[in-house]
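Chemist: This is the structure, below, for whatever I ask next.
The values are calculated or read from the model by the stated rules, or taken from the named source; none is laboratory data. Note that the structure is a prediction, hence the values are computed from the model and not measured. Reconstructed Cβ throughout: ideal geometry from the backbone, glycine too, with neighbour counts over all protein chains shown. To get the accessible areas, we keep the full protein, side chains included, count just its heavy atoms, and leave off ligands, DNA and RNA. Shrake-Rupley method; radii C 1.70, N 1.55, O 1.52, S 1.80 Å.
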Amino acid sequence: MEQQAAKNPSISPLWAGISTILWQEYLIFSRRFWKNTASTMVTPILYLFAFGFGLGRGIRFEGVSYLEFVIPGIVALSTMTSSFNAVATPLNISRLYDKTFEEYLTAPIPMISLTIGRILAGAFRGMFSGLVMLALTMVFGVHLHIGGLFLLLLFLNCLVFSGFGFWAALTIQSHSEINKFNAFVISPMSFLCGTFFSLQNIPQFLSAFLYILPLTHTTNGLRTLSLTQTFPLDSFIALTLYALLFFGLGLRACYQVEE
Amino acid sequence: MIVLESLTKRFDNRTVVDNLSLHIRPGEFFGLLGPNGAGKTTTIRMLMTLARATSGRIIIGGQDMTRNAMALKSKIGLVPQHINLDGELTARENLDMHGRLFGLRPEERKSRITELLEFVEMPDRANEPVRKFSGGMKRRILIARALMHRPQILLLDEPTIGLDPMTRRRMWDLVRKLNTGGQTILLTTHYLEEAEALCNRVALMNKGKLVELGTPEELKTKVGPFVVETDDGGLRRSHFFPTREAGSLFIQDLQQDGKGSSVSLRASNLEDVFIHLTSGDSLSMEEGTSKRDSKTINHRAKDF
Ligand SMILES: Nc1ncnc2c1ncn2[C@@H]1O[C@H](COP(=O)(O)OP(=O)(O)O)[C@@H](O)[C@H]1O
Ligand SMILES: [Mg+2]
């Protein structure tokens with residue numbers, strides 16, 4: 001061991017873990033690039049079709065067209081589902097069926113690098129689908145103000161749900177439980193967290209509850225940035241806290257997971 | 001090198017590994033032998049921290065094994081029973097991934113991959129996705145992968161399971177070559193001939209318990225180095241004898257009684273030892289032959 005450490009003074013185990021995970025994910029991603037991209041585009045196109053042509057641009061909502069109002073919400077929800085599923089499903093399969101996850105557990109890398117690597121990889125996938133979505137809105141001729149802060153908040157959202165997927169995949173005991181997470185957590189959030197309507201129009205106690213959910217903060221934050229260009233500090237804080245929470249839970253699960 | 005102290009694993013109150021203590025010495029080729037379900041894989045998984053021990057300790061090279069024991073992990077190569085290669089990646093990429101995880105530099109990984117693909121006789125298949133390989137080919141890649149980082153300790157969990165006899169023998173040659181570099185090897189198997197062909201020392205496990213421990217020779221001497229097999233209306237019986245002469249005398253007795261058909265005398269092997277030790281319930285001394293010091297076991301042909 002001393003020999004080996006002397007031979008490789010520059011490669012830290014932390015970086016070895018993170019970079020290997022990203023490298024592997026990249027290999028798989030690039031191999032399925034067109035398939036991935038095509039399937040990523042289906043849902044956004046359907047939304048844009050429904051809200052763009054279906055509802056029309058004539059409808060005004062909070063002073064802007066409904067399409068301009070709803071797009072930040074749709075971007076938030078599609079990055080949520082794609083980050084969550086980019087981690088939860090493959091990691092769960094790799095842990096319970098292929099057992100390829102064992103290769104990481106038995107490697108001399110710290111568990112924290114496994115957590116960072118997987119969550120980052122999932123967030124990048126989520127970001128990719130977010131960018132595809134935003135590119136499509138431009139094709140559809142919708143003009144939103146998308147700056148660095150918008151993308152940063154979007155990336156935070158990806159980290160939150162990638163972390164959530166990581167933790168979920170390591171704690172559940174069968175693949176069908178992933179579907180439960182999708183049915184009882186992810187789907188309800190996509191409809192409730194102000195994606196399609198303004199939270200100002202609903203009863204106080206209900207909106208108080210919705211403000212607990214992370215997606216609400218993403219939607220509101222993205223909407224604020226794209227429509228008013230004011231800085232949504234509370235959104236950044238809430239999402240950072242959520243990202244840290246799931247990172248912590250995921251790291252703990254790495255130590256406890258056992259097949 | 002590897003010390004297990006009262007290692008126990010329970011799944012929902014079912015004890016799968018029961019108070020197992022072992023000491024595997026440096027450079028030893030050690031066999032953990034037992035029928036399916038004996039707890040061999042669970043033991044290996046606890047060694048690699050993939051399963052958590054209910055109680056007991058694992059000490060490798062004087063250090064406690066834990067999930068964050070990175071220095072220890074980099075000394076160990078694991079060939080799991082379940083093939084856990086990434087089927088989407090090619091053979092080369094699977095090996096490369098392992099090398100990256102173990103912190104090998106790019107040049108080193110490249111030369112090691114070439115070397116190991118030669119070693120497992122698959123240099124021409126490097127760039128094919130692993131999912132297209134046969135079971136035997138996957139096993140060979142699995143072995144090559146475990147060797148990427150030049151481990152001092154190798155854990156081989158049933159490396160020849162499900163292989164045809166030809167491939168199995170080639171695998172034996174391969175595994176035997178590994179030990180010549182002074183590595184410590186722990187191999188589990190339920191093929192007795194495999195343990196006999198490869199191991200310096202074997203531990204017999206049954207229902208989670210250590211039943212016997214020693215060199216294959218010691219164990220054979222223990223039950224009786226010679227065995228006479230008789231066929232008693234479909235029931236095979238093995239009679240053990242300390243010497244060949246005692247065995248021959250027994251056969252002569254049988255022939256005088258007119259029961260000498262389909263009888264054979266041969267040196268005992270690990271399979272006999274195993275049946276002897278694990279079928280305790282059917283172990284019996286035959287009255288008529290006790291004067292010859294024989295031990296007899298009745299058993300239907302068992303498939304391990
Ligand atoms: N995750 C698990 N949960 C419950 N029982 C298990 C689990 N893993 C293994 N077992 C049980 O432990 C016993 C020993 O299994 P194993 O270690 O795989 O045996 P071997 O490798 O010797 O064939 C078996 O009865 C098996 O069913
Ligand atoms: Mg096994």
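Chemist: So what's the angle, to the nearest 10 degrees on a 0 to 90 scale, between helix A:148-171 and the longest Cα principal axis of chain A?
Modeler: Value to nearest ten degrees: 50.
Chemist: Accessible area of A:VAL42, 1.4 Å probe, to the nearest 10 Å²?
Modeler: The accessible area of A:VAL42 comes to roughly 80 Å².
Chemist: What angle do you read, to the nearest 10 degrees and between 0 and 90, between the alpha-carbon axis of helix B:244-256 and the longest principal axis of chain B?
Modeler: 50 degrees
Chemist: Over the heavy atoms of A:PHE51, what accessible area does a 1.4 Å probe trace out, to the nearest 10 Å²?
Modeler: Solvent-accessible area, nearest 10 Å²: 30 Å².
Chemist: Also: How big is the dipole moment of chain A about its Cα centre under a simple scheme where the beta carbon of each Lys and Arg is +1, that of each Asp and Glu is -1, and everything else is neutral? Debye, nearest 20, please. All intermediate terms of the calculation are to be shown ahead of the outcome.
Modeler: Values: 13 positive and 11 negative charges, 91 e Å.
Magnitude of the dipole: close to 440 debye.
Chemist: Can I ask one more? As a check on your grasp of the helix formula, calculate [θ] at 222 nm for chain A: sum -39500 (n - 2.57) over DSSP H runs of n ≥ 4, divide by the residue count, round to the nearest 500.
Modeler: Working: 12 runs with 187 residues, N = 259.
Counting only the DSSP helices, I get -24000 deg cm²/dmol.
Chemist: Here's something else I'd like to know. Can you give the mean number of other chain Cβ atoms that lie within 10 Å of the Cβ atoms in peptide B:65-72?
Modeler: Values: counts 0, 1, 9, 7, 1, 7, 6, 2.
Going residue by residue through B:65-72 and averaging, the value is 4.
Chemist: Moving on to the next point. What do you reckon, how do B:ILE141, A:ILE212 stack up by accessible area (1.4 Å probe), largest on top?
Modeler: Values: B:ILE141 0, A:ILE212 95 Å².
Most to least solvent-accessible, the answer reads A:ILE212, B:ILE141.
Chemist: If R₀ is 60 angstrom, what is the calculated FRET efficiency for the pair A:LYS180 and B:LEU265, using the beta carbon separation as r and rounding to 0.05?
Modeler: On the way: r = 64 Å, r/R0 = 1.07.
Result of the calculation: an efficiency of 0.40.
Chemist: Just grab the label-to-label distance for B:ASN127 and B:THR114, each label 7 Å out from Cα along the Cβ direction, in nm (one decimal).
Modeler: About 1.5 nm separates the two model spin labels.
Chemist: Considering Cα pairs under 8 angstrom that are at least six residues apart, work out the relative contact order of chain A and quote it in whole percent. All intermediate terms of the calculation are to be shown ahead of the outcome.
Modeler: Numbers: 310 pairs, mean separation 68.2, N = 259.
About 26 percent, as a whole number.
Chemist: Which of the residues in segment A:64-108 lose at least 40 Å² of accessible area when you go from the chain alone to all protein chains together (probe 1.4 Å)?
Modeler: Correct list: A:THR100, A:GLU102, A:GLU103, A:LEU105, A:THR106, A:PRO108.
Chemist: Probe radius 1.4 Å, ligands and nucleic acids left out: can you give me the accessible area buried at the B-A interface, summed over both chains, in Å² to the nearest hundred?
Modeler: Numbers: alone 14790 and 13070 Å², together 24420 Å².
In total, chains B and A hide about 3400 Å² from solvent.
Chemist: Share of chain A's accessible area from carbon and sulfur, percent, 1.4 Å? Please report the intermediate quantities before stating the final value.
Modeler: Working: 7870 of 11340 Å².
Percent of accessible area from carbon and sulfur atoms in chain A: 69.
Chemist: Summarise the partner chain shielding of B:142-151 as one whole number: the mean count of Cβ atoms from other chains within 10 Å of each residue's Cβ. Could you put the intermediate results ahead of the total?
Modeler: Working: counts 0, 0, 0, 1, 1, 0, 0, 3, 2, 0.
Mean shielding count: 1.
Chemist: So, one more: Taking the solvent-accessible surface of protein heavy atoms with a 1.4 Å probe, what is the per residue accessible area of chain A in Å²?
Modeler: Accessible area per residue: 44 Å².
Chemist: What average number of partner chain Cβ atoms lie no more than 10 Å from the Cβ of the residues making up B:87-99? All intermediate terms of the calculation are to be shown ahead of the outcome.
Modeler: Values: counts 2, 7, 5, 1, 0, 0, 4, 3, 0, 4, 9, 4, 2.
Partner-chain Cβ atoms within 10 Å, mean over residues of B:87-99: 3.
Chemist: I'd like the per residue volume of the convex hull spanned by the Cα atoms of segment A:141-185, given in cubic angstrom. It would help to have the intermediate numbers written out before the result.
Modeler: On the way: hull volume 4.4 nm³, N = 45.
Taking the convex hull of the Cα positions in segment A:141-185, it is 98 Å³ per residue.
Chemist: So, one more: What relative contact order, as a whole-number percentage, does chain B give when Cα pairs under 8 Å and 6 or more residues apart are counted? Don't jump to the answer; show the numbers that get you there.
Modeler: Details: 548 pairs, mean separation 59.9, N = 304.
Once divided by the residue count of chain B, the mean separation gives 20 percent.
Chemist: In what sequence, largest accessible area first, do B:TRP172, A:TRP15, A:TRP167, A:TRP34 appear using a 1.4 Å probe? Walk me through the numbers before you get to the answer.
Modeler: Working: B:TRP172 20, A:TRP15 145, A:TRP167 65, A:TRP34 195 Å².
Descending accessible area places them as A:TRP34, A:TRP15, A:TRP167, B:TRP172.
Chemist: Please quote Rg/Rh for chain B to two decimal places, taking the Kirkwood radius as Rh and restricting both calculations to Cα atoms.
Modeler: Numbers: Rg = 22.2 Å, Rh = 21.2 Å.
Taking Rg over the Kirkwood Rh, I get 1.05.
Chemist: Roughly what would the spin-label model give for A:TYR255 and B:ASP164, points 7 Å off Cα along C-beta, in nm?
Modeler: The modelled label-to-label distance comes out at 5.0 nm.
Chemist: By average Cβ neighbour count within 10 Å, what is the ranking of A:174-183, A:241-250, B:113-122, B:39-48 from highest down?
Modeler: Most protected by this proxy first, the peptides run B:39-48, A:241-250, B:113-122, A:174-183.
Chemist: Just order A:106-113, B:3-10 by mean Cβ neighbour count inside 10 Å, highest at the front, would you? Could you put the intermediate results ahead of the total?
Modeler: Details: A:106-113: 21.9, B:3-10: 18.1.
In descending order of packing, they fall as A:106-113, B:3-10.
Chemist: Measure nothing fancy, just the Cα-based angle from helix B:165-179's long axis to the longest principal axis of chain B, in degrees from 0 to 90, nearest 10.
Modeler: In chain B, helix B:165-179 runs at an angle near 70 degrees to the longest axis.
Chemist: Give the Debye-formula value of log10 I(q)/I(0) at each listed q (0.11 Å⁻¹), with one equal scatterer per alpha carbon of segment A:13-258, two decimals each.
Modeler: One equal scatterer on each Cα of segment A:13-258 leads to -0.58.
Chemist: Also: Counting alpha carbon pairs within less than 8 Å and at least 6 residues apart, what relative contact order, in whole percent, applies to segment B:148-237? Can you show the working numbers first?
Modeler: On the way: 69 pairs, mean separation 19.3, N = 90.
Once normalised by length, the contact order is 21 percent.
Chemist: Using only C-alpha atoms and all pairs of different ones, pull out the Kirkwood radius for the protein assembly as shown in Å with one decimal.
Modeler: Values: mean 1/r = 0.0366 Å⁻¹.
Answer for the protein assembly as shown: a Kirkwood hydrodynamic radius of 27.4 Å.
Chemist: Kindly provide the helix-only [θ] at 222 nm of chain B, computed as the sum of -39,500 (n - 2.57) over DSSP H runs of four or more divided by all residues, to the nearest 500 deg cm²/dmol? Don't skip to the answer; put the middle values down first.
Modeler: On the way: 10 runs with 102 residues, N = 304.
That comes out to -10000 deg cm²/dmol.
Chemist: Report, by chain and number, residues whose modeled amide H sits under 5 Å from the one on B:ASN206, excluding near sequence neighbours (fewer than 5 apart, same chain).
Modeler: HN-HN under 5 Å from B:ASN206: B:VAL211.
Chemist: Can you sort A:TYR66, A:TYR211, A:TYR26 by solvent-accessible area, 1.4 Å probe, largest first?
Modeler: Working: A:TYR66 20, A:TYR211 95, A:TYR26 145 Å².
So, going from the largest accessible area down, we get A:TYR26, A:TYR211, A:TYR66.
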